[in-house]
Amino acid sequence: MEFNFKKKILGNGMTILFEKRKLPLVSVAFAVRNGGINESLSEKGISHFIEHMLYKGTKTRTSKKIAEEIEKNGGVLNGFTSELTTAYWCKIPSIYLKTALDVLSDMIKNSVFEEKEFEKERKVIFEEIKMRRDTPRVHVFDEVQKCLYDGTMAIDSIGTYEIMNSITQEKIINKFKQIYKPNNMILCVVGDADFNEIVDFVENNFNNEKGIVPTQKFNLKNDFKIEKRKGIDQANLVFAYHVPISGDKKHYAAEVLNILMAGGMSSRLFSEIREKRNLAYSIHGGSDINKDFAYSFVYAGITKENMDLVKELILKEFEKVSENLDEFELAQVKKQIIGNYHLEMEDSQTQMMNLLFSEIDGDAKEFYEYEKNIMDVKLGDVKELAKKAKEKYSFFALIPEE
């Protein structure tokens with residue numbers, strides 16, 4: 001498959017990523033190389049707070065005007081904060097690309113951080129913290145990360161009530177001025193557009209100021225925790241284990257293991273726990289693999305009384321893989337992963353995210369080598385990771401309290 005991809009690092013340090021598509025749509029994202037992992041213990045959640053504030057108005061646009069210029073032209077507008085990045089994106093008919101670039105760049109250059117809006121948005125974040133805690137399938141993933149890491153990684157990227165109460169308008173503005181500079185930014189565009197016009201826009205609308213991104217230390221660990229809660233009927237559990245970071249080629253073996261174990265209805269754990277034993281409705285897996293940290297997980301929603309049995313079955317299946325996985329099954333899983341890879345690329349928004357995160361991890365061009373890297377995965381590496389997962393893992397469960 002041929003891809004029309006271009007990458008350029010401008011004189012001001014901003015990285016431009018572009019993949020040409022024929023459909024008359026564009027997905028556009030401005031991102032900064034800063035997220036929760038860059039925050040100290042006393043400010044965890046400030047990147048997420050800044051994200052919220054950038055939608056509240058600029059020197060020339062109100063929050064309503066920001067939304068209208070995208071949505072009234074048929075687009076969608078959103079943003080997100082992760083441990084590694086904060087991004088602002090939209091998907092819109094390609095004839096309005098200039099509008100998308102104008103609006104998003106205005107947000108990241110000229111937001112005003114009005115005190116009234118600042119205090120209102122603090123309350124919104126408090127509600128978001130409550131929502132995450134009150135949603136079991138979200139809460140368990142927040143908590144299992146605390147079982148895998150200490151330091152800033154042991155605090156949710158959204159922050160806590162105490163930290164959010166301590167964040168002042170001045171802290172927000174100072175952090176924004178420190179981080180939001182061209183050398184810390186990536187602009188990713190996927191769709192029907194002209195690369196040279198995108199480059200010209202950035203060169204004409206951004207200066208050469210330099211920003212810095214702080215780094216924080218944290219350590220890996222493995223903890224086990226069970227939390228009891230009244231008012232819920234189902235136990236939610238997450239089994240998680242450390243895997244190689246994205247800079248290590250063996251992380252592709254971790255992706256193979258993840259799909260083999262819990263990637264769809266044909267996976268080993270879905271077959272064993274749901275189809276064969278009817279112990280769960282929902283059971284699935286995933287990975288969060290980055291340049292600074294990486295782990296894979298298995299999630300299951302089950303009856304409280306079956307928690308120990310399901311955990312035992314998960315461990316037993318990892319043991320079977322470590323001992324009995326063969327080349328035939330490995331080839332089947334590789335075929336599944338590569339097929340999913342091509343399916344994902346159909347959507348320009350998904351592809352935009354793929355390229356963005358690949359660049360944050362090192363180089364967006366490596367995304368196009370994904371199929372080859374999956375095919376190069378060795379049987380022994382997958383079996384070795386399965387053995388390590390069984391021997392060293394973290395576990396969190398939220399269960400009903402009688």
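For the stretch 93-103, the count of residues that are at pLDDT 95 or above, within 28 Å of residue 367 (Cα to Cα) and outside any helix (DSSP H, G or I) is nonzero.
Considering only residues in the stretch 5-25 that are touching a helix residue (DSSP H, G or I) at 6+ places or on another chain (Cβ under 9 Å) and part of a loop (DSSP other than H, G, I, E, B), the one that is surrounded by the most Cβ atoms within 10 Å (Cβ to Cβ) turns out to be 14.
When the residues of the stretch 21-31 are filtered to those that are in contact with a strand residue (DSSP E or B) (Cβ under 8 Å, 6 or more places away or on another chain) and not β-branched (Val, Ile, Thr), which remaining residue is farthest from residue 367 (Cα to Cα)? Looking at the filtered set, the residue picked out is 24. I'd like to check something: does the stretch 176-190 contain any residue that is assigned to a strand (DSSP E or B) and farther than 25 Å from residue 214 by Cα? Yes, the conditions are met somewhere in the stretch 176-190.
Going by the conditions given, is residue 252 under 27 Å from residue 17 (Cα atoms), in the same structural domain as residue 295 (by TED's automatic domain parsing) and among the hydroxyl-bearing types (Ser, Thr, Tyr)?
yes
Residues that are crowded, with 21+ Cβ neighbours inside 10 Å and either in contact (Cβ under 8 Å) with a residue 24 or more places away in the chain or more than 21 Å from the chain's Cα centre (by Cα) (or both) within the stretch 271-288 comprise 273, 280, 285, listed in sequence order. Could you tell me whether residue 232 is part of a helix (DSSP H, G or I), of a type in the set (Val, Ile, Thr) and outside the structural domain of residue 42 (by TED's automatic domain parsing)? So residue 232 fails the test. When the residues of the stretch 257-297 are filtered to those that are touching a strand residue (DSSP E or B) at 6+ places or on another chain (Cβ under 7 Å) and of a type in the set (D, E, K, R), the one that is farthest from residue 382 (Cα to Cα) is 274. Quick one: count up the residues across the stretch 359-396 that are among the acidic types (Asp, Glu) and within 17 Å of residue 287 (Cβ to Cβ). Final tally of qualifying residues: 4.
Quick grid of which residues meet (1) exposed (fewer than 12 other Cβ atoms within 10 Å of the Cβ); (2) closer than 27 Å to residue 23 by Cα; (3) in contact with a strand residue (DSSP E or B) (Cβ under 6 Å, 6 or more places away or on another chain):
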| residue | (1), (2), (3) |
| --- | --- |
| 327 | yes, no, no |
| 330 | no, no, no |
| 334 | no, no, no |
| 337 | no, yes, no |
| 345 | no, yes, no |
| 357 | no, yes, no |
| 364 | no, yes, yes |
| 369 | no, yes, no |
| 373 | no, no, no |
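Can you tell me which of (1) surrounded by fewer than 22 Cβ atoms within 10 Å (Cβ to Cβ); (2) under 22 Å from residue 291 (Cβ atoms); (3) out of contact with any Phe, Trp or Tyr (no Cβ under 7 Å at 6 or more places or on another chain) is the one residue 44 doesn't meet? For residue 44, the exception is condition (1). For the stretch 32-64, residues that are within 14 Å of residue 112 (Cβ to Cβ), in contact with a strand residue (DSSP E or B) (Cβ under 8 Å, 6 or more places away or on another chain) and not in a loop (DSSP other than H, G, I, E, B) total 5. Among the residues of this structure, residue 300 counts as one that is farther than 26 Å from residue 84 by Cβ, crowded, with 17+ Cβ neighbours inside 10 Å and in contact (Cβ under 8 Å) with a residue 24 or more places away in the chain. Scanning the stretch 64-93 for residues that are polar (S, T, N, Q) and buried (at least 17 other Cβ atoms within 10 Å of the Cβ) turns up 81, 82, 85, 86.
The values are calculated or read from the model by the stated rules, or taken from the named source; none is laboratory data. Here the structure is a predicted model, which is why all the values come from computation and not from measurement. FYI the Cβ positions are ideal-geometry reconstructions off the backbone, even for glycines, and counts take in every protein chain you see.
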